[in-house]
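Values quoted throughout were computed directly from the atomic coordinates according to the rules given, and no laboratory measurement underlies them. This structure is a prediction, so every number in the text was calculated from the model and none was measured. Note that we place each Cβ from the backbone using ideal geometry, even for glycine, and neighbour counts take in every protein chain shown.
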Amino acid sequence: MTYRTIVGLEIHVELSTKTKAFCSCENKYGGEPNTRVCPVCLGMPGALPVLNKEVVEYAAMAGKAFHCTIHEKSVFERKNYFYPDLVKGYQLTQNEHALCNDGYVEIGEDPKKKIGIHQIQIEEDTGKAIHSDERDSLLNYNRCGVPLIEIVSDPDMASGEEAKEFLENIKSTLRYLDISDCKMEEGSMRCDVNINIVNEETGERSAIAEIKNLNSFRAVGRAIDYEVERQKALMEKGEKEIRTTRRWDDVSQETVLMREKYTENDYRFVPEGDLPPLYVSEDWLKAIVDKMPELPGDKKDRFIKEYGLPAYDAGVLTSSRDLALFFEETSKDFPDKNMLSNWIMGEVLRRVDLEEGFDLPFEGKDLVDLLTMVKEGKINNNAGKKVLRAMFEKGEKPQDLVQEMGLVQMQDTSAMEEFVDQVLAENPESVEQIRAGKDRVLGFLVGQVMKKSKGKANPQVVNQLLREKI
Ligand SMILES: [Zn+2]
């Protein structure tokens, strides 16, 4: 039997505007409970919402970045539901007439695959209920009224891997635009998965499962993989299910039934009478687009073309805007782009948590100076790595560290020759093995010479000397 997997995502992203969506309360994560609230976001009778212009600009930027149509007119509606974390009894959202429709995101390489974006709508976040013990629940309304965009994809993804890549793309784009920090663990990016499978031979479809409570991209990938297997097993046994809402359990690594959906939720959407329709003029939209930076996809393509980098490298280097900027700045003064890219991707990135931003304790020029010393043979590759580690620890200049650590490479061949002769005399067996064709043993001898020179010999020269003498 062959099955096809159908995955669609609904992604909620908190926008990092200065104030909330419909009032002037500060929009910030955390803080003392119920300190960032006012009559509007607490839903007091008679308090009227006023739409924050910055929210519209951010949402329009997201729409443009994902190739959507930005509608001149969109409408806010009330989505009615009754939960204690939403004091008004309804959420302000867009539904039938959202700001953005019909876009796409590209994933993969050669060929790229387009994942459709059905809609991007503006809405407000709810507060948080904290269930402290069996009897009490506490409510924190600081998050109430925080602006969100909901990004609804088309069901175009065919695996957990594709869903993860789609999410990575959304996240890096929104971070480039600087409109959200997209932290899943803090809830500023949240994702629900809709998934079912089709038997390609019989055309039979499984019931759609909606999976909630996914707190990392990895969890999204795993939940999809798990659900595919679960639905296949049911179908093979001939068991039918109705549409369900499930939750991902990170501990047991499985999806767990929350509820069965006999009918669609009736949210009784009604147009919001306290907010006029939203109009975005052509001029305003143009001004918004003019403010947008080059986006990761375009930047990646340009890095491949302009610097001759492999697609993978270009993808890594453009995954964060600050990182890409750092590469572009340093590459101006360092001609070997591949060497630069390898050092940044390896030695630099292993010490940086990109989630927290690309922040280094030294300047781009310092890295260029260090790599120039390596390139010119003033220090060898390993010494370069040691110096870089020290630059991270102490933030000192590479030239000073090289002196301080005594790593200046020997330029004097006769001194190296002396070490080579010693090592050859001490290792007659290895010499025999190399003569018998075991070339790998040469590396061992190079290592011995490097040890004697305290890492200061030039390994290429040592290699050459050893070959000459054997
Ligand atoms: Zn407020």
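So if I place +1 on the C-beta of Lys and Arg and -1 on the C-beta of Asp and Glu, and nothing else carries charge, what would the dipole magnitude of the range 1-150 be about its Cα centre? I want it in debye, nearest 20. Can you show the working numbers first?
Working: 17 positive and 21 negative charges, 40 e Å.
Roughly 200 debye, rounded to the nearest 20.
Which one of C23, H71, G43 is farthest out on the positive end of the charge dipole of the range 1-93, using unit charges on Cβ (Lys, Arg +1; Asp, Glu -1) and the Cα centre as origin? Result: H71.
An ellipsoid equivalent to the range 197-239, defined through the eigenvalues of its Cα gyration tensor, has semi-axes of 23, 9, 9 Å when rounded to whole angstrom and sorted largest first.
Normalised by the empirical 2.2 N^0.38 Å for globular proteins, what value does the Cα Rg of the range 165-312 take?
On the way: Rg = 21.0 Å, N = 148, 2.2 N^0.38 = 14.7 Å.
After normalising by residue count via 2.2 N^0.38 Å, the value is 1.43.
Determine the distance separating the Cα centre of the range 279-339 from the Cα centre of the range 419-467; give it in Å without decimals. First find each Cα centre; the distance between them is then 45 Å. Shape class for the range 300-348: rounded, because the ratio a/c of the largest to smallest gyration tensor axis (alpha-carbon atoms, square roots of eigenvalues) is under 1.5. What the phi angles of the range 334-347 give under the Karplus curve with 6.51, -1.76 and 1.60, with θ = phi - 60°, is a coupling list of 9, x, 7, 5, 5, 5, 4, 4, 5, 5, 5, 5, x, 5 Hz, glycine and proline written as x.
Quick check: convex hull over the Cα atoms of the chain, volume per residue in Å³, rounded to an integer?
That works out to 230 Å³ per residue.
Test of understanding: extend the Cα→C-beta vector of E161 to 7 Å, then name every residue of the range 1-34 with backbone N under 14 Å from that spot. Zone members listed by number: 5.
Label sites at E363 and D301, each approximated as a point 7 angstrom past Cα along Cα to Cβ, lie 3.5 nm apart. Helical runs assigned H by DSSP (4 residues or longer) give the chain a calculated mean residue ellipticity at 222 nm of -11500 deg cm²/dmol, each run adding -39500 (n - 2.57) before division by the residue total. In this structure the amide hydrogen of L278, modeled in the peptide plane, comes within under 5 Å of the amide hydrogens of S74, V75, F76, none closer than 5 places in sequence on its chain. Averaging 1/r across all pairs of distinct Cα atoms in the range 45-180 and inverting the result yields a Kirkwood radius of 16.7 Å.
Exceedance of the 24 Å cut-off in Cα-Cα distance is limited, within the set K112/K365; K375/K451; K53/K212; K300/K386, to K112/K365; K53/K212; K300/K386. What relative contact order, as a whole-number percentage, does the chain give when Cα pairs under 8 Å and 6 or more residues apart are counted? Averaging sequence separation for qualifying contacts and normalising by length gives 14 percent for the chain. Once Rg and the Kirkwood radius are both taken over the C-alpha atoms of the range 55-94, their ratio Rg/Rh works out to 1.13.
For Q119, nonlocal amide neighbours, meaning residues 5 or more places apart or on other chains whose placed amide H falls under 5 Å from its own, are D102, V152. Scanning residues 5 or more positions from M258 or on other chains, those with amide H under 5 Å from its amide H are T245, R246, R247, with H placed 1.01 Å from N in the peptide plane.
The alpha-carbon of K237 sits under 14 angstrom from the alpha-carbons of these aspartates and glutamates, leaving out residues fewer than 8 places away in its chain: E204, E229.
Take the Cα of T372, step 7 Å toward its Cβ, do the same at M44, and the gap between the two points is 6.4 nm.
Across all directions, the average projected area of the convex hull around the alpha carbons of the range 347-394 is 3.3 nm². Relative contact order, whole percent, for the range 84-144 stands at 35, derived from Cα pairs under 8 Å and 6 or more residues apart.
Between the alpha-carbon centres of the range 124-165 and the range 210-264 there is a gap of 18 Å.
Could you state the per residue volume, in Å³, of the convex hull enclosing the Cα atoms of the range 323-410?
Values: hull volume 7.2 nm³, N = 88.
Normalising the Cα hull of the range 323-410 by residue number yields 82 Å³.
Computed from Cα atoms, the angle from the helix 459-469 axis to the main principal axis of the chain rounds to 40 degrees.
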